[in-house]
Amino acid sequence: MFLRKLSRSFIGISSNNITLTALVIFLIFSGAVLPKQSAAVDIYSGSTGSPDLSLFYTSRNLYQMAEQYGSAGRDAYVHARFSFDLIFPLIFTFFLVTSISWILGVNTPKTSPWRILNLTPLLGMLFDFLENITASIIMIRYPMLSPISAGLAPIFTFLKWVFVGSSFLILLISGLIGLFARKNN
């Protein structure tokens with residue numbers, strides 16, 4: 001019941017202007033901020049990579065990353081998680097929720113069970129935040145072990161990518177269905 005109301009609320013506020021604004025913010029952030037952040041990550045991660053950008057990694061990989069980053073790199077990683085990586089999930093979720101909501105609002109009946117798919121990006125954001133918290137605990141406490149965080153971080157990362165990827169897929173498929181439906185009318 002609550003989820004259906006939330007879904008309807010998002011569809012209700014996802015006007016042309018709001019959706020276009022979300023797209024512009026997403027594109028500007030992706031084009032201007034993301035490349036700089038990626039370059040900063042490369043400085044401390046070297047060839048080790050980052051848990052945020054990995055689909056699969058183990059707790060052992062996470063500890064190897066913490067070792068490779070060194071103290072300054074771990075500090076930079078944690079700082080990025082609680083600055084840049086708080087803002088970016090909000091931006092991509094705003095874009096995905098409003099875009100999916102707008103498309104489903106225009107192309108599906110009000111009673112369609114498919115409309116609830118507009119909530120999928122919220123799960124991507126939730127798991128992104130959980131990933132940031134658990135991976136940061138590893139970086140802050142290193143070299144001390146944090147087995148619960150080390151075990152959960154890879155799971156949260158994988159689930160983040162599942163839901164973010166699914167959200168973009170929902171956006172693409174619902175957009176194509178809407179396009180073909182309009183073309184055939």
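The values are calculated or read from the model by the stated rules, or taken from the named source; none is laboratory data. Given the structure is predicted, the values throughout are model-derived calculations rather than measurements. Don't worry about glycine lacking a Cβ; one is built from the backbone with ideal geometry, like all the others, and counts go over all protein chains shown. For accessibility, only protein heavy atoms count, side chains too; no ligands or nucleic acids. Shrake-Rupley method; radii C 1.70, N 1.55, O 1.52, S 1.80 Å.
Cα to Cα, under 30 Å, and not fewer than 8 places away if on the same chain: which lysines meet these conditions relative to Lys110?
Answer for Lys110, where 30 Å is the Cα cut-off: Lys5, Lys160, Lys183, listed by chain and number.
With charges set only on the Cβ (+1 for Lys and Arg, -1 for Asp and Glu), what does the dipole of the chain come to about its Cα centre, in debye to the nearest 20?
800 debye
Pull out a ≥ b ≥ c, the square roots of the eigenvalues of the alpha-carbon gyration tensor of the stretch 1-40, then state rounded if a/c is under 1.5, prolate if not and a/b is larger than b/c, and oblate in the remaining case.
oblate
Grab the beta carbon distance between Arg141 and Ala39, set R0 = 30 Å, and tell me the FRET efficiency rounded to 0.05.
With a Förster radius of 30 Å, E is 0.65.
Using a Cα-Cα cut-off of under 20 Å, which aspartates and glutamates could be cross-linked to Lys36, ignoring same-chain neighbours fewer than 8 residues away?
Asp52, Asp75, Asp85, Asp128
How much of the accessible area of the stretch 1-123, probe 1.4 Å, is carbon plus sulfur, in whole percent?
69 percent
Using +1 on the beta carbon of Lys and Arg, -1 on that of Asp and Glu, and nothing else charged, what's the dipole of the stretch 45-122 about the Cα centre, debye to 20?
320 debye
Compute and list, largest first, the equivalent-ellipsoid semi-axes of the chain from the alpha carbon gyration tensor, each √(5λ) rounded to a whole angstrom.
Square roots of five times the eigenvalues give 36, 17, 13 Å.
For the stretch 1-25 and the stretch 120-185, compute the distance between their C-alpha centroids and round to whole Å.
Between the Cα centre of the stretch 1-25 and that of the stretch 120-185, the gap is 19 Å.
How would the stretch 1-97 be classified by its alpha-carbon gyration tensor: rounded, prolate or oblate, with rounded meaning a/c under 1.5 and the a/b versus b/c comparison settling the rest?
prolate
When only alpha-carbon atoms are used, what values of Rg and Dmax, in angstrom, describe the stretch 44-133?
17.4, 55
What percent do you get for the relative contact order of the chain when only Cα pairs under 8 Å and 6+ apart count?
29 percent
Provide the packing ranking of 6-19, 158-171, i.e. peptides ordered by the mean count of other C-beta atoms within 10 Å per residue, highest first.
Ranked by mean Cβ neighbours within 10 Å, highest first: 158-171, 6-19.
Considering only Ile13, Ser146, Thr120, whose Cα is most displaced toward the positive end of the charge dipole of the chain, charges sitting on Cβ of Lys, Arg (+1) and Asp, Glu (-1)?
It is Ile13.
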